[in-house]
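Take a look at the structure set out below.
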Amino acid sequence: SQQGEEDPQALSIQEGENATMNCSYKTSINNLQWYRQNSGRGLVHLILIRSNEREKHSGRLRVTLDTSKKSSSLLITASRAADTASYFCATAVNAGNMLTFGGGTRLMVKP
Amino acid sequence: DAGITQSPRHKVTETGTPVTLRCHQTENHRYMYWYRQDPGHGLRLIHYSYGVKDTDKGEVSDGYSVSRSKTEDFLLTLESATSSQTSVYFCAIRTGDYNSPLHFGNGTRLTVT
């Protein structure tokens, strides 16, 4: 079973709108990470939030972490067509040697 | 791509044949990982390595073995390929401590017929 589960599985929005993706996980974590994957390519790291952090920003990305609810959200503001990709959350447990991924959210941003 | 090369990029093989996938890094990072990606399952960890000759199992290790005789190379072997091992395989490295992200290669698409 997957440690992280993303919601929704697929999201379609217009350019300029905000996109929000959620991730829920099951066990205590050291950190939670978000990755992006363009079709046919490897995953690219976006942002890492540690278990003692609640919010983090990077450019148009905003990540929140609620350890009491075991959930995280990724907000992409002012989406662009180039943001079209799959987005994955991943959690690090047990000193982080193993990183466990969720099933991903497929985001389509229409121009 | 943090200097990660996976080879081959594509491979078609028959059921029952052995297959070895290679991951090469140009730096000397300690941690290397093999994941497989399948529709509906996201990425699942097969094996990982924390140094030369030091490896451990991941979530879906059955049917796979790994070797790391040099820091820069991490090999994934399917001793006798099955159709269920048709997948895209990704190698990743970790460049720092456990609060560091992974850097991925571009994957190997393996088809077992």
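Quick grid of which residues meet (1) at pLDDT 95 or above; (2) surrounded by fewer than 17 Cβ atoms within 10 Å (Cβ to Cβ):
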{"position": "B:GLY3", "(1), (2)": "no, yes"}
{"position": "B:ARG22", "(1), (2)": "yes, yes"}
{"position": "B:SER83", "(1), (2)": "yes, yes"}
{"position": "B:TYR89", "(1), (2)": "yes, no"}
{"position": "B:ILE93", "(1), (2)": "yes, no"}
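Here is a check on your reading of the model: is B:TYR33 among the aromatic types (Phe, Trp, Tyr) and either buried (at least 20 other Cβ atoms within 10 Å of the Cβ) or touching a helix residue (DSSP H, G or I) at 6+ places or on another chain (Cβ under 8 Å) (or both)? It is true that B:TYR33 is among the aromatic types (Phe, Trp, Tyr) and either buried (at least 20 other Cβ atoms within 10 Å of the Cβ) or touching a helix residue (DSSP H, G or I) at 6+ places or on another chain (Cβ under 8 Å) (or both).
Being within 13 Å of A:LEU99 (Cβ to Cβ) and of a type in the set (A, V, I, L, M): is that true of B:ALA92 here? Considered against the rule, which asks whether it is within 13 Å of A:LEU99 (Cβ to Cβ) and of a type in the set (A, V, I, L, M), B:ALA92 comes out as yes.
Quick one: which strands (runs of 3 or more DSSP E) lie wholly within the range B:1-60 and hold at least 2 residues that are free of Cβ contacts under 8 Å to residues at least 12 places away in the same chain and of a type outside the set (S, T, N, Q)? Spell out the reasoning first.
Numbers: elements: B:4-7, B:10-13, B:19-25, B:31-38, B:42-51, B:54-57.
Answer list for the range B:1-60: B:54-57.
Screening the candidates A:SER68, A:SER39 for the property of being on the phi < 0 side of the Ramachandran plot, part of a loop (DSSP other than H, G, I, E, B) and modelled with pLDDT of 95 or more yields one hit, A:SER68. Within the range A:42-65, the set of residues being within 15 Å of A:MET21 (Cα to Cα) and either of a type in the set (Phe, Trp, Tyr) or assigned to a loop (DSSP other than H, G, I, E, B) (or both) comprises just one member, A:ARG60. Hey, can you tell me all the residues within the range A:71-82 that are in a loop (DSSP other than H, G, I, E, B) and among the hydroxyl-bearing types (Ser, Thr, Tyr)? Result: A:THR77, A:SER79. Against the list (1) of a type in the set (Phe, Trp, Tyr); (2) more than 30 Å from A:PRO8 (Cα to Cα); (3) assigned to a loop (DSSP other than H, G, I, E, B), the condition B:TYR98 fails is (2).
Scanning the range B:84-105 for residues that are more than 7 Å from every other protein chain (Cβ to nearest Cβ), polar (S, T, N, Q) and either touching a Gly at 6+ places or on another chain (Cβ under 7 Å) or farther than 21 Å from B:THR20 by Cα (or both) yields B:GLN85, B:THR95, B:SER100.
Checked against the criteria, B:THR108 counts as among the β-branched types (Val, Ile, Thr), over 16 Å from A:LEU99 (Cβ atoms) and either touching a helix residue (DSSP H, G or I) at 6+ places or on another chain (Cβ under 6 Å) or within 11 Å of chain A (Cβ to nearest Cβ) (or both). In this structure, B:ARG9 does satisfy being within 21 Å of B:VAL112 (Cβ to Cβ) and within 11 Å of another protein chain (Cβ to nearest Cβ). Here is a check on your reading of the model: is A:ARG80 farther than 25 Å from B:TYR33 by Cβ, in contact with a Gly (Cβ under 9 Å, 6 or more places away or on another chain), basic (Lys, Arg) and more than 10 Å from chain B (Cβ to nearest Cβ)? Yes, satisfied.
Got a number for residues in the range A:83-109 being in a loop (DSSP other than H, G, I, E, B) and within 14 Å of chain B (Cβ to nearest Cβ)? Total satisfying the criteria: 4.
So, in the range A:19-41, of the ones that are within 25 Å of A:THR84 (Cβ to Cβ) and of a type in the set (Ser, Thr, Tyr), which residue ends up farthest from the other protein chains (Cβ to nearest Cβ)? Among them, the one singled out is A:THR20.
Among residues belonging to the range B:41-54 that are more than 25 Å from A:GLY103 (Cα to Cα) and within 12 Å of chain A (Cβ to nearest Cβ), point out the one that is surrounded by the most Cβ atoms within 10 Å (Cβ to Cβ).
Narrowing the range B:41-54 to residues more than 25 Å from A:GLY103 (Cα to Cα): B:50-54.
In the following step, the residues that additionally are within 12 Å of chain A (Cβ to nearest Cβ) were identified as B:50-51, B:54.
On the way: B:TYR50: 13, B:GLY51: 11, B:ASP54: 11.
Only one residue fits best here, namely B:TYR50.
The values are calculated or read from the model by the stated rules, or taken from the named source; none is laboratory data. None of these values were measured; they are calculated from a predicted model. Every residue, glycine among them, receives a Cβ derived from its backbone with ideal geometry; neighbour counts consider all protein chains shown.
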